[in-house]
Amino acid sequence: MEQVNIFIDGSNFYHLILKKIDIKEPNFDFEKFVKFLSRDRQVAEKGKYFYTGTVREKDKRHETKKAMSNQNILFSKLISTGGWNIRTSKLRTRLERIKIDDRVENFEELTRLGIEEIVYQRSREKGIDVMIAVDIINGALNNNYDTAILVSSDTDLVPAIDFVRNNYNKRIEYIGFSMPKTEKFEETRPTKRLIYATDIQRVLVASDIKNFVFD
C-alpha cells in the first residue's frame, strides 16, 4: 500500500483559511483531516507533522493568554491522538515601518494629516520552512513515504520538493486553498509555483474545511 507523510504548516494553515472562517485551532479535528487527506493510503508510523510558532506571554495581555491557552489545548489534542511530530519555533516580534508615498492607498489624505510613516509591531515565526524542508528530505532519505502531502503555500519549500522528486522519485501532493475576498480579509488562492512544482494538487474551499470542526 502507498505510504504517505503529512506535513501541516499550522501557522500558514491558520492564516490562509481557519482565521478567515472563524475556526479556532483547538476546534479543528486534525486527525479527521488527516484521514481525509490520506484517502485510501496508509499514513506512515509517526508520519504526521505539525509546525507552528509558539505564543509567548507579553505584558499579561488577555489576548496573549488566550492564544497560549488555545495552543496548549491544541498540542494536548495532537499528543493524545498519537503519532504526531510537533515542531515549534518561537515567534519573534519586531517593528516594521511603512513610508507614506504614492504606493499607499489614500496617501494624499494621510500626507495632508502630516503622517509620513506608520510604525507597527509584527510577530513572525523563524525557521518553520527550514524544519519542513529538513523533514521532507529526511523522510525521502529514509524511505519513510512514497508521497508527501504538503499543507503549506510557502514557496521556500520548492528546492526541497525538487530535490526529493528528482533524486528519490518521491511524489509531492500540494494542498492549497481558495477563498474570495471579503471586507475583512484578502482573497486566498493556491500558489502557482507550488502547483507547477508538485505531482498532485488539491484545492479546498471553506465548505470543505468546515467538515472538520468538532461537534
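What follows draws every value from the coordinates through simple rules; no lab data is involved. Here the structure is a predicted model, which means the values were calculated and not measured. Reconstructed Cβ throughout: ideal geometry from the backbone, glycine too, with neighbour counts over all protein chains shown.
Quick rundown of the values:
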quantity	calculated
Sites Asn72 and Arg112, calculated FRET efficiency, Cβ-Cβ separation with R0 45 Å, nearest 0.05	0.40
When the convex hull of its Cα atoms is projected in every direction, mean area for the chain (nm²)	14.2
Percent RCO, i.e. relative contact order, over the range 120-215, from Cα pairs under 8 Å lying at least 6 residues apart	24
Theoretical gain in end-to-end length, Asn138 to Asp29 [0.36 nm per residue, Cα-Cα removed]	36.6 nm
Stretchable slack from Asp101 to Ile200, in nm (0.36 nm times residue separation minus alpha-carbon distance)	31.4 nm
Cα-Cα over 23 Å, subset of Lys90/Lys170; Lys35/Lys90; Lys170/Lys210; Lys19/Lys65	Lys90/Lys170; Lys35/Lys90; Lys170/Lys210
Distance (nanometres) between label positions extended 7 Å along Cα→Cβ at Arg171 and Lys210	3.1
Degrees separating the helix 62-81 axis from the principal Cα axis of the chain, which is the longest one	0
